[in-house]
Amino acid sequence: MDMSTRLRDVLAVTFLVIGLCHGCAGMRNWDYEPLSVHFVTSDASKINVVSEVVRVGRYDYAISANLTNTEDVDETTMIEALCYRSKSGAEDDYTILPFSIPNQPFKDFAKTYYKDIAYQSLKHCSNAPTPEEAYPWPKGVVTFNMCSATGEGLPEYLPEGYYKIIFKIGGRRNWDYEALFITGKSSDESLVSIQTGLERKGRGSPTVSIVLEINYQIDDETQIEATVYQSYTGHDNDYKLMPFGIEKKAFPDYLREFYDNVVYSNMGHCSNLPKPGEQIPWPIMTYKFDDCTFPGEGLPEILSEGYYKRNWDAETLFVNSSTSDESLLGFTTEIVRQGRDKPTFSAVLDFHYQLDDTTTVEVLIYHSQTGGEDDYKLMPWNVPQKPFTEFIAEYYKDLLYANLGSCSNLAEPGKEIPWPKITYNFEKCMITGDGMPEIAPEGYYKIFFAATGPVDWNFVYGMKIVSKSNAMGY
């Protein structure tokens, strides 16, 4: 039986955080009181939890529970944790927090979050399996006796209020969809012809049909790119770019990475696509997709309705720069502090050479929860090394100029190529967050920007991110 029908279980725990000691650095500054714990299962004969909040002494409370599992936990089992906070405790006041656990296979969870957080917090009061024995999760009963989580691995700072932590265990993909429209376009119909259509049969969801006639050999000269946008309202001006697109790459590279697990898995059943292993070189023929619905294979396993607004604020910590030849490029930076306002940064970038495709650019982003040098981990939002003109074409308008145009003499979008060979002044700049991920975990960040070419130059920008809910206290 499919795991998605075996385990659709939700464990919801609500906490009240009390006793904050503001300004305590390097240690957890909060304590909590459990208010309730609820468990819902699609089949109690396979997995079930009996739980309660119990009083310990005159003032303290703890959680006791028995978790009974009779099912195999395999590679199809997924787990996620969503954390919400309310200042008042009112149901309509809860907002999601950035330190949730993304939907992931239980095996990955056991190696990371279970090992570093769950087990560390609960091992003293339970017979929970050790991290080495947590996957596959053993059948039987795990008993939690008068547990008060220690907070190991959790954020060191939390604003006061009411919290809900919702654990979900189940099968893959938590979403469904309905096709609304599909369009196709070709610059030369003698080489590629594409016809698309939607068809609704009865009360079912619309299906997609496509006729794609290929009359030329697709090879490395053809580039593929996929971008995903999401809107809460459906209005054209409301769509926001999502982080799980496919960056531009050569067609054979695209096929090697995505054909088996995404393209063929979703459309092989309703088309004459070549079987995996037979797609390179790509056959020159007419492809027909008849009444296709997409099962979602290889796509993100959790998609939230609506769109996200940026949930974080940043504070500049430092900015450093270097250049290999100051006669060709002068680069100076400094932090500017004015009273109690947030620090800003200023910079002078003096160009005496022409930036072109002989210069490549790369951006790497690291995150640390503590700010300790050995604690920084590489984040996924990086810019792979690419020619300067490609970098500018992709990121100048919506990222560089959007964040720094208001505090500098950067060229207006449309006038940046060829790159003007002038002195650029950045005065008291603050990062606005435009073009950056909408949700970012709290902590310390280092952004490494490196340019390599006739002159090697770079800068490192350090900042601290705090969620808006934490910064404002609601």
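Within segment 420-429, at least one residue is touching a strand residue (DSSP E or B) at 6+ places or on another chain (Cβ under 9 Å), of a type in the set (K, R), outside any strand (DSSP E or B) and under 26 Å from H352 (Cα atoms). Applying the set (1) farther than 30 Å from S346 by Cα; (2) in contact with an Asp or Glu (Cβ under 8 Å, 6 or more places away or on another chain); (3) modelled with pLDDT under 90 to R310 leaves exactly one unmet item: (1). Quick test of your reading of the structure: A347 fulfils all but one of (1) modelled with pLDDT under 90; (2) crowded, with 17+ Cβ neighbours inside 10 Å; (3) aliphatic (A, V, I, L, M). Name the failing condition by number. So the condition that A347 fails would be (1).
Candidates in segment 372-398 are the residues that are among the polar types (S, T, N, Q) and under 13 Å from E247 (Cα atoms); of these, the one that is modelled with the highest pLDDT is Q385. Once segment 398-423 is narrowed to residues that are closer than 20 Å to T360 by Cβ and aliphatic (A, V, I, L, M), the residue that is surrounded by the fewest Cβ atoms within 10 Å (Cβ to Cβ) is I417. If G414 satisfies every condition in (1) touching a residue at least 60 places away in the same chain (Cβ under 8 Å); (2) on the phi > 0 side of the Ramachandran plot but one, which is the exception? G414 satisfies every listed condition except (1). For segment 79-104, give me each residue that is within 22 Å of A440 (Cβ to Cβ), among the small types (G, A, S) and in contact with a Phe, Trp or Tyr (Cβ under 7 Å, 6 or more places away or on another chain). Those that are within 22 Å of A440 (Cβ to Cβ), among the small types (G, A, S) and in contact with a Phe, Trp or Tyr (Cβ under 7 Å, 6 or more places away or on another chain): A81, S86. Among the criteria (1) buried (at least 17 other Cβ atoms within 10 Å of the Cβ); (2) not in a strand (DSSP E or B), the one Y163 does not fulfil is (2).
Counting only strands (runs of 3 or more DSSP E) that sit completely within segment 16-133, those holding 1 or more residues that are among the aromatic types (F, W, Y) and either at pLDDT below 85 or assigned by TED's automatic domain parsing to the domain that holds Q369 (or both) correspond to 31-40, 60-69, 78-86. Note on segment 423-474: among residues that are more than 19 Å from N403 (Cα to Cα) and of a type in the set (D, E, K, R), the one that is modelled with the highest pLDDT is D456. Scanning segment 171-190 for residues that are modelled with pLDDT of 70 or more and either small (G, A, S) or surrounded by 12 or more Cβ atoms within 10 Å (Cβ to Cβ) (or both) yields A179, I182, G184, S186, S187, S190. Among the residues of segment 117-139, those identified as within 29 Å of the chain's Cα centre (by Cα) and surrounded by 14 or more Cβ atoms within 10 Å (Cβ to Cβ) are I117, A118, Y119, Q120, S121, L122, P131, A134, Y135, P136, W137. Selection of segment 356-368 for residues being in contact with a Lys or Arg (Cβ under 8 Å, 6 or more places away or on another chain) and either within 25 Å of K386 (Cβ to Cβ) or not in a strand (DSSP E or B) (or both) yields T360, V361, E362, I365, Y366, H367.
Residue count for segment 134-160 under the criterion of being part of a strand (DSSP E or B) and of a type in the set (S, T, Y): the result is 1.
Has segment 259-271 got any residue that is assigned to a loop (DSSP other than H, G, I, E, B), farther than 30 Å from P102 by Cα and polar (S, T, N, Q)? For segment 259-271, residues assigned to a loop (DSSP other than H, G, I, E, B), farther than 30 Å from P102 by Cα and polar (S, T, N, Q): absent.
The values are calculated or read from the model by the stated rules, or taken from the named source; none is laboratory data. It should be emphasised that the depicted structure is a prediction, and the values quoted were computed from it without experimental measurement. Reconstructed Cβ throughout: ideal geometry from the backbone, glycine too, with neighbour counts over all protein chains shown.
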